[in-house]
Amino acid sequence: MRYLSDYHLHSNFSFDSKQKIEEIIIKAISMNIREICLTEHISFDPGDKSYDFFSFRHYESELFRLSQKYYKDINIKTGLEIGEYHLYKGDYDKYFKENKLDFVIGSIHNLNGQGLRVNILEHGAKYAYDTYFKEVLNFVEVGDYDVLGHLDIIQRYAFKEHGVYNFQDYKDNIYDILKIIIRSGKGIEVNTSGLNDNLLFPKLEILQMYKDLNGEILTVGSDAHTTNRVGEKINYIYDLLKDIGFKYIFTYTNRQTKGNPL
Ligand SMILES: [Zn+2]
Ligand SMILES: [Zn+2]
């Protein structure tokens, strides 16, 4: 049987979710998911909504308790989704030393200290896209992370008003981003949370480019903030990635990768 994993999940340890970790676990087991990684929000930007919300100590003990309870049915990993590492490098480096993590998603949620949606509204879609891809590049150049989270998620906030962006317009930026990720031994996340709007983060052309550049390291995540969305369309994405020619989906322990055959 396929080793299904959902590597992007938020519980009430994140500012924007109310679901209990145990509810996530029960739902994941019911979907034959073999491994999950919780990836709670953390940010050192005082203007970010997740600032000073998260408590690692409580998170760690809750995950320990639940791992013991459910160890026969599912593997449970301790992760974080961090924002804008490159702007708060010192804080994150210290945090990673002090707290034992299995996995880190590095994401860009803000530009100029404001959310992506606000940037589109205030400066227009072209400015926001240009700045977003530049910011992702700045991040991957210095970032300590395992996978880049939801590359091109800016689509989510732009597509209704401005349509789907043209891959060709950002092909060079995306090429540079992927080259650095591959060279530094990191990976990318395939995030299923936009599929109800026919959006995949990152879009297919990017996944194809990653494959063509011999990129291998991939995780798949639902980015569920509510229990009904845990594991959403994970199986479908595994099939799609297999069709593109990828061989493994990766899981992590103590920030070390392991490839699980697709
Ligand atoms: Zn995110
Ligand atoms: Zn997330």
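The table below lists the values:
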quantity: For Tyr132: the one exception among (1) in a helix (DSSP H, G or I); (2) within 16 Å of ligand 1 (Cβ to nearest atom); (3) within 22 Å of Phe250 (Cβ to Cβ); calculated: (3)
quantity: Residues within the stretch 20-42 that are open to solvent by 10 Å² or more (accessible area, probe 1.4 Å) and closer than 30 Å to Gln114 by Cα, tallied; calculated: 3
quantity: Residue match in the stretch 71-78 (condition: open to solvent by 60 Å² or more (accessible area, probe 1.4 Å), within 16 Å of ligand 1 (Cβ to nearest atom) and in a strand (DSSP E or B)); calculated: no
quantity: Of residues in the stretch 56-85 being within 16 Å of ligand 2 (Cβ to nearest atom) and touching a helix residue (DSSP H, G or I) at 6+ places or on another chain (Cβ under 9 Å), the one nearest to Ile25 (Cα to Cα); calculated: Lys77
quantity: Residue pairs meeting the criteria (Cβ under 6 Å; at least 6 apart or on separate chains; first more than 15 Å from ligand 1 (Cβ to nearest atom), in the stretch 2-29; second of a type in the set (Lys, Arg) and open to solvent by 40 Å² or more (accessible area, probe 1.4 Å)); calculated: Tyr3/Arg34; Leu4/Arg34; Asn12/Lys18
quantity: Those residues of the stretch 86-95 which are open to solvent by 30 Å² or more (accessible area, probe 1.4 Å) and either touching a helix residue (DSSP H, G or I) at 6+ places or on another chain (Cβ under 7 Å) or outside any loop (DSSP other than H, G, I, E, B) (or both), in sequence order; calculated: His86, Leu87, Lys89, Gly90, Asp91, Asp93, Lys94, Tyr95
quantity: Residues (within 19 Å of Thr251 (Cα to Cα) and either in a strand (DSSP E or B) or away from ligand 2 (no atom under 16 Å from the Cβ) (or both)) located in the stretch 135-153; calculated: Asp144, Val147, Leu148
quantity: Enumeration of residues in the stretch 103-119 that are free of Cβ contacts under 8 Å to residues at least 40 places away in the same chain and in a helix (DSSP H, G or I); calculated: Val118, Asn119
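The values are calculated or read from the model by the stated rules, or taken from the named source; none is laboratory data. Since the model is a prediction, treat every value here as computed from it, not as a measurement. As a convention, Cβ positions derive from the backbone with ideal geometry for all residues, glycine included, and neighbour counts pool all protein chains shown. To get the accessible areas, we keep the full protein, side chains included, count just its heavy atoms, and leave off ligands, DNA and RNA. Shrake-Rupley method; radii C 1.70, N 1.55, O 1.52, S 1.80 Å.
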